[in-house]
Amino acid sequence: MSLLLSDEQVQFRDSVREFTRREVTPELIRKCEQDRRPPMHLLAAVAANDWLSVGIPEEYGGSPDYVCVALLLEELGYGYLAAADLVYRALIHGAGVLINHGTPKMREELLPRLLRGELLFLNGISEPGTGADASSLTTKAVPDGADYVINGHKIFNTGMGFSDYVVCYARTDPEAPRHRGISAILVPTNADGLTFREIDTVGYRAIPTYEAWYEDVRVPAANLVGELHGGWSVMMGHLEKERMGLCALASGATRRVLDDTVTYAGTREQFGRPIAAFQAVSHMIADMKVLSHTSQLTMLQLAALVDAGRPARMEASIAKIHCAESYKTAADLGMQVWGAYGYSTESDVNRHWRDARLMPIGGGSTQIQKNVIGRLLGLPAAT
Ligand SMILES: Cc1cc2nc3c(=O)[nH]c(=O)nc-3n(C[C@H](O)[C@H](O)[C@H](O)COP(=O)(O)OP(=O)(O)OC[C@H]3O[C@@H](n4cnc5c(N)ncnc54)[C@H](O)[C@@H]3O)c2cc1C
């Protein structure tokens, strides 16, 4: 892959690789998974290295290079998805939203703290009746003097218990067509009237997701993000970067499953030889390599397009499908090679198998990406 990167990008990647090797230890991963909390100190350490600046425009003190963003997330994802996910959240759900849609006051107060790794934002879109069809959300925000009062029920809001702000998507104009009556509002997660509970999930255990209830949650009208009723543009405003980030996470994790499985198959002996010597096993590993290699390529191509400011809806959907499904398949193949040890929840490959299952569901499911591809090909719109 180095051929596709500049010398500076290779140097950047190698620094992150070295950091990850040093900081992300098996003990740290075990503790985070047990405690169900992400390694927040790593976000601060990444920020202290000034690595978040690769996702920030020059006018806000950064030096943007989205290939470097992808490399940062990929290398961290190789070490531990939960660590990479935190950085993804800070850059995409935090800084990205503020830079593109925040008010000057929000940027002045919150952006520096985000870039020091002191704050986390989350996305509050999904509701019990609102999954893939995000425009059907029913949470309401009603103006009241200088405030909005929010009432509604959200679900699968990841990070509510350890983040500072939720970008809550609420209906502000019930009469408008569905996409046009939604606003994005910044709500502190400790706001009065906002309660939540952790949902148990099969994977992503260190980055828990939450069900949340808004009961007369009052926030200043100045917390509006973007235009009034313009929440759909905020939600869709950086889709390509969001998908690129998820692809980088999945690509890094896929490469890790591959490397761990190569090592395992070379050392585990049965019938007097390493299991890697059986062609059936080496072919499973070869399939994993193909998935890992092609994930990295589609992810880097998407990052290069984002860097060039070129439209990349098609490439973003292709990459999202490919990286998500490849991680899922590679982790499944990895488990087969690891046999009973892979089936044990004590193994790393088992964690990947569980974590990978989310990828084709969240961040725009595989089926929704296929609808997008169909639409871009000019096929009749899928409903
Ligand atoms: C661990 C986790 C973390 C999450 N974090 C967040 C978060 O932080 N914030 C947030 O707002 N949401 C979050 N979500 C929610 C996530 O975005 C939704 O799961 C996703 O939007 C899909 O919605 P759904 O699961 O309700 O599936 P549904 O929309 O009910 O879909 C069910 C199935 O039908 C398919 N389907 C639906 N519509 C179509 C269609 N038109 N064409 C073809 N197939 C279709 C889907 O692909 C899926 O396979 C999270 C989910 C999980 C599991």
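Applying 1/(1 + (r/R0)^6) with R0 = 51 Å to the Cβ-Cβ distance of Ala176 and His283, what FRET efficiency is obtained, to the nearest 0.05?
According to the calculation, E is roughly 0.40.
Given the alpha-carbon gyration tensor of the stretch 183-280, what are the semi-axes of its equivalent ellipsoid in whole angstrom, ordered largest first, with each equal to the square root of 5 times an eigenvalue?
Each semi-axis is √(5λ); the values are 47, 19, 8 Å.
Over 10 Å intervals from 0, what percent of Cα-Cα pairs in the chain sits in each interval?
Going out from 0 Å in 10 Å bins, the chain shows 5, 23, 33, 25, 10, 3, 1, 0 percent.
Could you work out how far the C-alpha centroid of the stretch 227-260 sits from that of the stretch 301-320, in angstrom?
Cα centroid to Cα centroid, the span is 11 Å.
Quick check on my link table: of Lys241/Lys328; Lys105/Lys320; Lys31/Lys370; Lys31/Lys328, which ones sit more than 30 Å apart, alpha carbon to alpha carbon?
Over 30 Å Cα-Cα: Lys105/Lys320; Lys31/Lys370.
How big is the charge dipole of the stretch 272-383 about its Cα centre, in debye rounded to the nearest 20, if each Lys and Arg gets +1 on its Cβ and each Asp and Glu gets -1 on its Cβ?
I would put it at about 240 debye.
May I have the pair-distance distribution P(r) for the stretch 2-119, computed from all Cα-Cα distances with 10 Å bins from 0 and rounded to whole percent?
Final binned percentages: 14, 45, 30, 10, 0.
Most fluctuating residue of Met299, Met236, Met160 in a GNM of the chain with Cα springs under 10 Å: which is it?
Highest fluctuation among the options: Met236.
If you average 1/r over all unlike Cα pairs in the stretch 238-376 and invert the result, what Kirkwood radius do you get in angstrom?
15.5
From the C-alpha coordinates alone, can you work out the Kirkwood hydrodynamic radius of the stretch 122-189, in Å?
About 12.2 Å for the stretch 122-189.
Please sort by residue number the GluC sites (Glu not before Pro) in the stretch 68-120 whose DSSP state is loop and whose Cβ has at most 15 other Cβ atoms within 10 Å.
Qualifying residues, ordered by number: Glu118.
At 222 nm, what value in deg cm²/dmol follows for the chain if DSSP H runs of at least 4 each add -39500 (n - 2.57) and the sum is divided by all its residues, to the nearest 500?
One gets -16000 deg cm²/dmol as the mean residue ellipticity at 222 nm.
How far is the Cα center of the stretch 1-57 from the Cα center of the stretch 116-164, in Å?
29
Throughout, read-outs are computed from the coordinates displayed, never taken from laboratory work. Predicted model only: the values in this text are computed from it and were never measured. In this analysis, Cβ positions are derived from the backbone assuming ideal geometry, glycine residues included, and neighbour counts consider all displayed protein chains.
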